[in-house]
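Take a look at the structure set out below.
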Amino acid sequence: DSSGLQEGYDFRIVPVCLVILSFLLHTCGMGMRWYIGGHAPWTNSYETMVYVSWATVLAGFVFLKRNRIVFSLASVFGGIILFVSSMIWNDPQVTNLVPVLRSPWLTFHVAVIVASYGFLGLSCLVGATNLLFMSSPSYGSGRLSRLVQEMSILNEMSLWIGLVLLTIGTFLGAIWADVSWGRYWGWDPKETWALITILVYTAVTHIHMIKGNNRLWLFNLLSVIAFLSVLMTFLGVNYLMSGMHSYN
């Protein structure tokens, strides 16, 4: 009967399978774009946002077995990013690369540093969710408190992964800058804000060293605020400033 079916089958696997299918289609789409364009599909605003969406869902898969709430947040955020990427100011057309972008170092640099945005964005969402849980009147209950502690651990793990990728990507970018422009660092707006983002998240990862009862709340709050530096690096510099990284 239907009750026996519900007891023997976990219906929560259905949305997970749908996300997996969507992720595979997303991956195939990026692969086709790579094949058609002849270069990695993350060289302009539209392509990088599509790639960030892919990296965000990938981050959700990393934590799927540990916490399905985190996976759900990653899936929703990935969909939101895809929606934003389709906005009118992003041109989805496949175009040829300008000469300075025709470097294998660009592929490695952008792939790593933009992937970090997926993990840092997931950290922001988990932090915001924890803040909502902590503001609930029932937060004092053991179950909700344990959930917040568990998600805070995953928040920190996602933050650390994002920070490591961001740092490695910045170093790869310095190598690309030397190959393309003959210097490793030039205080270009994009370079400067990448450094600021690294310093901001380095500070957030050391919040656990501060003693106090509100340490957990402070960490989750700062993981949300810190993402503003990512938004400034990724979008603000492109649309509010001009520099050597303005190709979009």
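The values are calculated or read from the model by the stated rules, or taken from the named source; none is laboratory data. Everything quoted here is computed from the prediction, not taken from an experiment. Note: ideal-geometry Cβ built from the backbone for every residue, glycine included; neighbour counts use all protein chains shown. Surface areas here come from the heavy atoms of the whole protein model, side chains and all, with no ligands, DNA or RNA. Shrake-Rupley method; radii C 1.70, N 1.55, O 1.52, S 1.80 Å.
May I ask you to rank 116, 22, 75 by accessible area, largest first, using a 1.4 Å probe over the protein chains only?
Numbers: 116 0, 22 70, 75 30 Å².
Result, largest first: 22, 75, 116.
Please compute P(r) over all alpha-carbon pairs of the range 107-193, binned at 5 Å starting from zero, and give each bin as a whole-number percent.
3, 14, 18, 16, 12, 10, 9, 7, 5, 4, 2, 1
To the nearest 10 degrees, how steeply does helix 142-181 sit against the main Cα axis of the chain, on a 0 to 90 scale?
It works out to around 10 degrees.
With every protein chain left in place and a probe of 1.4 Å, what is the accessible surface of residue 178, to the nearest 10 Å²?
50 Å²
Residues of the range 115-151 with the amide nitrogen closer than 17 Å to a label point 7 Å from the Cα of residue 218, along Cα-to-Cβ, please.
Residues 131 fall inside that zone.
Enter the angle in degrees (range 0 to 90, nearest 10) between the Cα long axis of helix 104-134 and the first principal axis of the Cα atoms of the chain, meaning the one along which they spread out most.
Around 30 degrees separate the two axes.
Starting from 0.36 nm per residue, how many nanometres of slack lie between residue 35 and residue 231 once their C-alpha separation is accounted for?
That pair, residue 35 and residue 231, stretches by 67.6 nm at full extension.
Considering only the other residues whose Cβ falls under 15 Å of the Cβ of residue 40, what net charge follows from Lys and Arg at +1 and Asp and Glu at -1? List each step's numbers first, then the result.
Values: positive: 33, 102; negative: 47.
Combined, the nearby Lys, Arg, Asp and Glu give +1.
So for the range 79-228, averaging the separation of alpha carbon pairs under 8 Å that are six or more residues apart and normalising by length, what relative contact order in percent results?
Details: 136 pairs, mean separation 47.9, N = 150.
In percent, rounded to a whole number, it is 32.
Does the chain classify as rounded, prolate or oblate by the C-alpha gyration tensor (a ≥ b ≥ c root eigenvalues; a/c under 1.5 gives rounded; else a/b over b/c gives prolate, otherwise oblate)? Mind dumping the intermediate values first?
On the way: a/c = 2.54, a/b = 1.36, b/c = 1.87.
The shape class here is oblate.
Enter the angle in degrees (range 0 to 90, nearest 10) between the Cα long axis of helix 68-85 and the first principal axis of the Cα atoms of the chain, meaning the one along which they spread out most.
Tilt relative to the chain: about 40 degrees.
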